[in-house]
Amino acid sequence: MDFFDRFAIPNPSIAIYASMVAIGLTVVAIIAGLTYFKKWGYLWREWLTTVDHKRIGIMYLISALIMLFRGGVDAIMLRAQLAVPDNKLLDPQHYNEVFSTHGVIMVMFMAMPFIFAFMNYVVPLQIGARDVAFPRLNALSFWLFFFGAMLFNISFVIGGSPDAGWTSYFPLAGNDLSPHVGTNYYMMAIQISGIGSLMTGINMITTIFKMRAPGMTLMKMPMFTWSVLVTNLIIVTVFPVITVALAMGTMDRLFGTHFFATTNGGMDMLWANLFWVWGHPEVYILILPAFGLYSEIISTFSGRNLYGYKSMVASMVIISALSCMVWAHHFFTMGQGALANSFFSITTMMIAVPTGVKIFNWLFTLWKGKIRFTVPMLYSLGFIPLFVIGGVTGVMLAMSAADYQYHNTMFLVAHFHNTIIPGVVFAMLAGLTYYWPKMFGFMLNERIGKWAFWLLSIGFCLAFFPMYITGLDGQARRMYTYSEATGYGPLNMLSFVGAGVMAISFALIVYNVYYSVRYSPRNIGADPWDARSLEWATHTPVPEYNFAIEPHVASSEAFWDAKKKGHELFPGKVEKIHMPNSSGVPFIMSAIFFVFGFSMIFSLWIPAIISLIGIFACMAHRSFENDHGRYISVKEIEETETKLRGVN
Amino acid sequence: MSELFPRKQIMGFVFSLVLTAAALTVYFLHLSFAQGMAVLLITAFVQALLQLVVFMHAGETKDKWIIYGKVYFMIAMALITVFGTLLIFLWDM
């Protein structure tokens, strides 16, 4: 039985046993359901092997929502534990694991797939392409992300979750201080999904540079596409850093190297340095596509073109360069001198300038616009003031001298949630509502959506504003409890109430999906929002080939010009279309990656070697495969077009 | 016949072998740490550029400015990262 001891949870509790049972039952239910309804073939043919960017986007979206639920449950547990002083709900080890997984899941497995969902779904449509540049690679990206996420999620029932924070600083994350396998999960799961992100980066840059519709110069691209281009440039720049850092960390933990050890010439601070060289640009990877979505939504619902297009592009490019020059502001207190801290203080404050330019551009877009208060617009309007608060407290934190007071307190926690929730989460929910009709052919209910928005905003303010105060009073982050004498109790209770309100809002969003599936009208046409860019010019549901005739573009708002100024969007006639074939190899290869990661985590060398050979076999198979894709005939296209046009 | 002969590729291949041999001398000639690192850094960057231009065909299409633009951006960011790290850990620690 010694062999199986390693899979045991080091600190079991009733909650974990209950989740084991729940996970087991869910898996059985899914397998039974698929078998009973005879959906295995459908699942394999239409989803698991697909290379269609639209389906991959939808799968990213579903994964992101599931992970939002998982990370949200973690958040509720954290706030419940802190709601009253000297609480015994979670023991310290369990609390450490919950805040570590909350951070990793929300950043890597919720926000990242959410932005990838919109990148995949929207960008090829927005630039008038048939798919991304490398459709097979795109499927591989998704499945690597998916299996990385699954690997991370099984940690809390097999072997124990990582407990060294989402930053996983060494030496705490080293073998001496974190002896159980949790941090191995961190290293391997993020590594696997990170490789997927890097591939997406290359894929999207190539797609945007090489596959734009005729007439669409770089300065005529819609703003969301611009934001995705800049984002992926950052991804390709910084993801190799985390790949290398994680590989070094893995070697430290598994093979006894001393990269981040405190002895034998190792340098523990180097992990913090490398982590933030990636980690700071990472937050811009999350926020820039959000900015892009806001630009689209605000311009659509103000009935105006985006104010200051060129300055929007310039500020994003400046942000992308500056984002790689500020990483040390995460560890001002590590011991470097005043010169280094001053340098990174100043670069950090400089980022506020291009961001401010963007905020003013959105405000000027609203100016004298005919504003429609739809749900996506409400999220965008809520974003502006709330995000400014987060930005201003960011400038406070950027002052390195003052940072000695704020560092590692709840003030910091309040700050970054204040940027990420109104910045990224609001954008994702706005984008979800905005693109829902394009993806699924019906709209989400506006009334329930507005309730969800208001509850989320109020819940957010209740949950995070008190943390600014307790943080300034000295409440440290990542402490599992505090004594009554500190006086933090009432404000933390308020935070817990806010977290509860946010949870209700999430439940409402889920209910909204259910309600709209049942009751929403289906005859909405292809352009329900009266929007401006190319993705709304094709049918709903979008045919596999996106556009029957390649669009010709003369401005950044080609579809609007086509509607209002009589611009001819689709000159030419239908020709046969070249499309890529589906393939099961990305799914199989990623599943082997999962086995590889799992074996590495538990130091099972034989299966690790076998699965590594399997991974290379998959790559060799691809290298020697002869696959020229297939053609959709003119007859088939015309049949599809006639059928879809009938709906409108 | 001469237009069929891949002169550029052969020259590139020979030059990349020369660069590899030059890097290898660091091991055999017992150079000091600074000299050795200088040789390794220079040969590594020249080698990378050679591979990019000759064997990965950068600069052979009309949109070569995109490829070179990205390379310059990445090099700039890499240098900032390296020198920033040196500033933190060596020059001002």
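Residue A:482 fulfils the conditions (1) closer than 30 Å to residue A:411 by Cα; (2) outside any loop (DSSP other than H, G, I, E, B); (3) in contact (Cβ under 8 Å) with a residue 12 or more places away in the chain except for a single criterion, (2).
Candidates in region A:208-227 are the residues that are basic (Lys, Arg) and under 26 Å from the mean Cα position of the chain (by Cα); of these, the one that is nearest to residue A:124 (Cα to Cα) is A:212. Checking each residue in region A:183-229 for being crowded, with 24+ Cβ neighbours inside 10 Å, among the hydroxyl-bearing types (Ser, Thr, Tyr) and within 14 Å of chain B (Cβ to nearest Cβ) picks out only A:207.
The lone criterion from (1) away from chain B (no Cβ under 13 Å); (2) in a helix (DSSP H, G or I); (3) within 24 Å of residue A:219 (Cβ to Cβ) left unmet by residue A:305 is number (2).
Restricted to region A:114-164, and to residues there that are among the β-branched types (Val, Ile, Thr) and part of a loop (DSSP other than H, G, I, E, B), the residue that is nearest to residue A:175 (Cα to Cα) is A:158. Selection of region B:53-93 for residues being away from chain A (no Cβ under 12 Å) and surrounded by 13 or more Cβ atoms within 10 Å (Cβ to Cβ) yields B:53, B:54, B:55, B:58, B:68. Could you list all residues from region A:322-379 that are more than 14 Å from chain B (Cβ to nearest Cβ), in a helix (DSSP H, G or I) and not aliphatic (A, V, I, L, M)? Hits for region A:322-379 are A:354, A:355, A:356, A:358, A:360, A:361, A:362, A:364, A:365, A:376, A:379.
Yes or no, residue by residue, for (1) of a type in the set (S, T, N, Q); (2) modelled with pLDDT of 95 or more:
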residue	(1), (2)
A:304	no, no
A:313	no, yes
A:320	yes, no
A:328	no, no
A:333	yes, no
A:340	no, no
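When A:443, A:396 are checked against the criterion of being touching a helix residue (DSSP H, G or I) at 6+ places or on another chain (Cβ under 8 Å), without any contact (Cβ under 8 Å) to a residue 60 or more places away in the chain, in the same structural domain as residue A:117 (by TED's automatic domain parsing) and not aromatic (Phe, Trp, Tyr), A:396 stands alone in meeting it. In summary, helices (runs of 4 or more DSSP H) completely within region A:530-648 and bearing 1 or more residues that are outside the structural domain of residue A:199 (by TED's automatic domain parsing) and touching a Leu at 6+ places or on another chain (Cβ under 6 Å) occur at A:585-601.
The values are calculated or read from the model by the stated rules, or taken from the named source; none is laboratory data. As the structure is a prediction and not an experimental result, all values here were calculated from the model. All Cβ positions, glycine included, derive from the backbone under ideal geometry; neighbour counts span all protein chains shown.
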